[in-house]
1. Anything in segment 323-334 that is part of a loop (DSSP other than H, G, I, E, B) and in contact (Cβ under 8 Å) with a residue 60 or more places away in the chain? List them, or say none.
2. Scan segment 365-381 and give yes if some residue there is without any contact (Cβ under 8 Å) to a residue 40 or more places away in the chain, outside any helix (DSSP H, G or I) and surrounded by 18 or more Cβ atoms within 10 Å (Cβ to Cβ), otherwise no.
3. Which residue, of LEU160, LEU199, LEU151, LEU190, is over 30 Å from GLN270 (Cβ atoms) and assigned by TED's automatic domain parsing to the domain that holds VAL136?
4. Considering only segment 13-91, give the helices (runs of 4 or more DSSP H) lying wholly within it that have at least 1 residues that are polar (S, T, N, Q) and either surrounded by 17 or more Cβ atoms within 10 Å (Cβ to Cβ) or modelled with pLDDT under 80 (or both).
5. Condition (residue is out of contact with any strand residue (DSSP E or B) (no Cβ under 7 Å at 6 or more places or on another chain) and more than 29 Å from LEU199 (Cβ to Cβ)) applied to segment 386-399: is it met by at least one residue?
6. It is to be established whether one or more residues within segment 119-137 are of a type outside the set (Gly, Ala, Ser), modelled with pLDDT of 90 or more and either buried (at least 22 other Cβ atoms within 10 Å of the Cβ) or outside any loop (DSSP other than H, G, I, E, B) (or both).
7. Tell me the residue from VAL363, VAL382, VAL340 that is at pLDDT 95 or above, under 15 Å from ALA300 (Cβ atoms) and in contact with a strand residue (DSSP E or B) (Cβ under 6 Å, 6 or more places away or on another chain), please.
8. Name, by its number, the condition in (1) assigned to a helix (DSSP H, G or I); (2) in contact with a Lys or Arg (Cβ under 9 Å, 6 or more places away or on another chain) that does not hold for THR337.
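The values are calculated or read from the model by the stated rules, or taken from the named source; none is laboratory data. All of these numbers come straight from a predicted model, not from anything done at the bench. Ideal geometry is used to build each Cβ from the backbone, glycine not excepted, and the neighbour counts take in all protein chains shown.
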Amino acid sequence: MKRSTQIGLAAAGVVMVATYWSLSGGESEDSLVYSNLAECRAANQLSTSQCEQRFNEASANHLREAKKFTSSASCEQEFGSGGCQSAVWNNAQVFIPALAGIMLARGWPLGDKLSMLKVAVGWQLKKFQCAPGDSVADLCRGLAPGAMAALIEPLCVSALNTPAQRASGQVFLRVMRDALFAESGGSNLLLPRTDLSALLPDAALAWLSAQGNAPRLGARVQAIAPAGSGWVVSTDTSEAFDCVVLACPPHEAARLVEGSGVAAGDWLAQAQELQYEALTTVYAWAPGARLELPMLALPANAAEPAQFVFDRGQLSGPPGLLAFVISASTGDSATLTAQVLAQAKSQLWHLGLGSMEAVQTIVEKRATFACTPGLQRPRAEVAPGLYACGDYIAGPYPATLEGAVRSGLEAARHLH
């Protein structure tokens, strides 16, 4: 029987957690991932003695396998400030990378877990750096197929919206590093219960209006042009401004930059050479349809393309409505819809959904840029007084909300 479960992974300071569907028979159990002994005790899922036993085992294994240094400085040079701990090995003091957590997981074969641990430790030892031309698939050479399919491929396509075979290894490693080693909670999965329009753009428009800067909606910018030390923006009328920020898709930004006549050949070339990945959402409804969790990851293949399904009824949407998401999608709307309905029947049958009815299918052909190895993305500054922002602008992250927000903040800093 198929059941949702969690896989956690911890080694030499690396902790990764992903939800996926177990295809093995029988009942599977949730994995337990703890960052320290106190957290294990407080969770009350294991007894105190069990927590202590598991952490002692994990610490002993970590000490045996970890790279050892004779000084704290040499260890921190490789693993960063605060990334090391002292230990005793063969009656001598050594310094090793800190153990970030313990994974008490069930549902993965031992070989898959060990294979993933080995690859993840290798990433950390290389300080999450790789050759510019490496793909995510290159990073995972030697990884067990089960671990690749259950963890890496879903993580890659969800973060970069690009398949692992042609996704940037360096960007993937940056996402992993920031999620696992940045601020506490960096790897938390957040699902909005409020409509994204109300959560972000509508709130921003309301704030602007409250500051006395009422936005002008429905007025397409036809052209921009430098004028002295400022810029003229033309819609149905023309107005002068000190600076201009192009907060629009890259193809629209390129149209306006090219029409302005400014010398921005490199910027234009990089913006115009971006390739795109599609993203498809198939909305399907059945009376009483409800998932075990608001979101589930699904095993995907060419015939069953959806990687994720969201229960809109648990996220402030109408009850019974499920949203199946296909990242890096290919194919036409009708084919994808039929495939997803068949996938839902095959993979979610145990929920008693019955026959699902397709409500709407949305195919965004230019949903994100293709985050490929060695990609050169355009800078924020196009010309004096002219800036661009968006998830496609040069930065450490792929086409994500995080990348877009960072880009917007950078553009705003240029204005002061």
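1. Taking segment 323-334 first, the residues part of a loop (DSSP other than H, G, I, E, B) are 330-332.
Listed by number, the list is empty, since nothing qualifies.
2. Start the filter on segment 365-381 by keeping residues that are without any contact (Cβ under 8 Å) to a residue 40 or more places away in the chain, which leaves 380-381.
Now drop any that are not outside any helix (DSSP H, G or I), which leaves 380-381.
Narrowing the set further to residues that are surrounded by 18 or more Cβ atoms within 10 Å (Cβ to Cβ) leaves 380.
Within segment 365-381 (the criterion being without any contact (Cβ under 8 Å) to a residue 40 or more places away in the chain, outside any helix (DSSP H, G or I) and surrounded by 18 or more Cβ atoms within 10 Å (Cβ to Cβ)), the answer is yes, since at least one residue qualifies.
3. Values: LEU160 fails: over 30 Å from GLN270 (Cβ atoms); LEU199 fails: assigned by TED's automatic domain parsing to the domain that holds VAL136; LEU190 fails: assigned by TED's automatic domain parsing to the domain that holds VAL136.
Going through LEU160, LEU199, LEU151, LEU190 in turn, just one is over 30 Å from GLN270 (Cβ atoms) and assigned by TED's automatic domain parsing to the domain that holds VAL136: LEU151.
4. Working: elements: 37-43, 48-65, 72-79.
Output list reads 48-65, 72-79.
5. no
6. Scanning segment 119-137 turns up at least one residue that is of a type outside the set (Gly, Ala, Ser), modelled with pLDDT of 90 or more and either buried (at least 22 other Cβ atoms within 10 Å of the Cβ) or outside any loop (DSSP other than H, G, I, E, B) (or both).
7. Numbers: VAL363 fails: under 15 Å from ALA300 (Cβ atoms); VAL382 fails: under 15 Å from ALA300 (Cβ atoms).
Checking each option against the conditions leaves just VAL340.
8. (2)
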